[in-house]
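Asker: Take a look at the following structure, please.
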Amino acid sequence: MATAIRYSTIFCILLLALLSTLRLHACELRNGHSVPTARIPLKFEGRRGDASYYHKLLALALHKTEPLFGPCEPQLVDIFLPNVRLNLHSVESGLVDVVGATTSQERERRLQPVRIPLLKGLMGYRLLLIRSGDQQRFDKIHTAKDLQQLVFGQGSNWPDNDVMRANGIRVVTSPDHYTLLRMLQARRFDAYPRGVQQISMEKTRLSEGEISLDAQLAIAYVSPSYFHVANHNRALAKRLEQGLRMAVKDGSFDALFYSQPMVTEALSRLSLGERRVFYLCNPNIHPDTPLAEPAYWFRPWPADVHCEKPPSFSPLGL
């Protein structure tokens, strides 16, 4: 009996050691594939354009590092991840190996970020959806104090909420995007900040005439999008970081980024030379955020993007 237990224990130890060894591989050889793959979701939060770009960028990073790490192909997994928790769980459970997403404290606690900004900081620029007829009010906003007189609509669990409150801006929250649009129309708040690359999704609403895109202001804060992998998959994180660095250095990263229709449309719509840009501090910036690497950002950040004090405002709520 004791011998059987001893052999069973030894078997378990060997099995765990084998599994640990397998987990060190950056990519895995799966059924139906002749080369190892790294899986990435086809769609995240409904933005198929982002997913297509992330897939191409993943392929670029894997290709750059093939001489060092061996062959690996990106594999699109046809799943829809409508919220952050499913996004996190999909990686933790092994459904996918990597996701591209805006970083947050929760994501960095549960997953391992690869700190090369995938969208070069573009995600941190917000334009304001406002009620048609309110443009004159926004034309008069010139100072931070003016901006603090506004109330913004935000998603309930968005990391942006801490940014707004830390900068003295009140927020009203809802878990649903379309509810927020209706709340804007009902005057529950003054403006709904949207990522500059997300505005194209609002074309139907904007064409209906009840909601307009503010023509004067832009709000910006450091909010990088990274590849995130499971905490145990350090080999994949190392490979992706090295591949992305190589792509930045040889120019292939920028060539891919600036060729994307979503990027060219976003930059055209942003028109920074024609807007008053309010740079907000972000209380949750990780100290390892590569702010000192100008090649990683489409536009340099000012020096005061860190907040000296923690958020002090509470949400108004529903």
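The values are calculated or read from the model by the stated rules, or taken from the named source; none is laboratory data. Being a predicted model, the structure only gives us computed values, none of them experimental. Glycine also receives a Cβ, built like all others from the backbone with ideal geometry; neighbour counts cover every protein chain displayed.
Asker: If the requirement is being crowded, with 20+ Cβ neighbours inside 10 Å and out of contact with any strand residue (DSSP E or B) (no Cβ under 8 Å at 6 or more places or on another chain), which of these qualifies: Asn157, Asn167?
Answerer: Details: Asn157 fails: crowded, with 20+ Cβ neighbours inside 10 Å.
One residue alone meets the criteria, Asn167.
Asker: Determine which single condition Glu210 fails, assuming it passes every other condition in (1) out of contact with any helix residue (DSSP H, G or I) (no Cβ under 8 Å at 6 or more places or on another chain); (2) surrounded by fewer than 19 Cβ atoms within 10 Å (Cβ to Cβ); (3) modelled with pLDDT under 95.
Answerer: All conditions pass for Glu210, except number (1).
Asker: Taking the stretch 184-207, which residues are in contact with an Asp or Glu (Cβ under 9 Å, 6 or more places away or on another chain), free of Cβ contacts under 8 Å to residues at least 60 places away in the same chain and crowded, with 16+ Cβ neighbours inside 10 Å?
Answerer: Within the stretch 184-207, just Leu184 meets the criteria.
Asker: Quick check on my filter: what residues within the stretch 172-228 are under 24 Å from Asp162 (Cβ atoms) and in a loop (DSSP other than H, G, I, E, B)?
Answerer: Passing the criteria: Pro175, Asp176, Arg188, Phe189, Asp190, Asp214, Tyr221, Val222, Ser223, Pro224.
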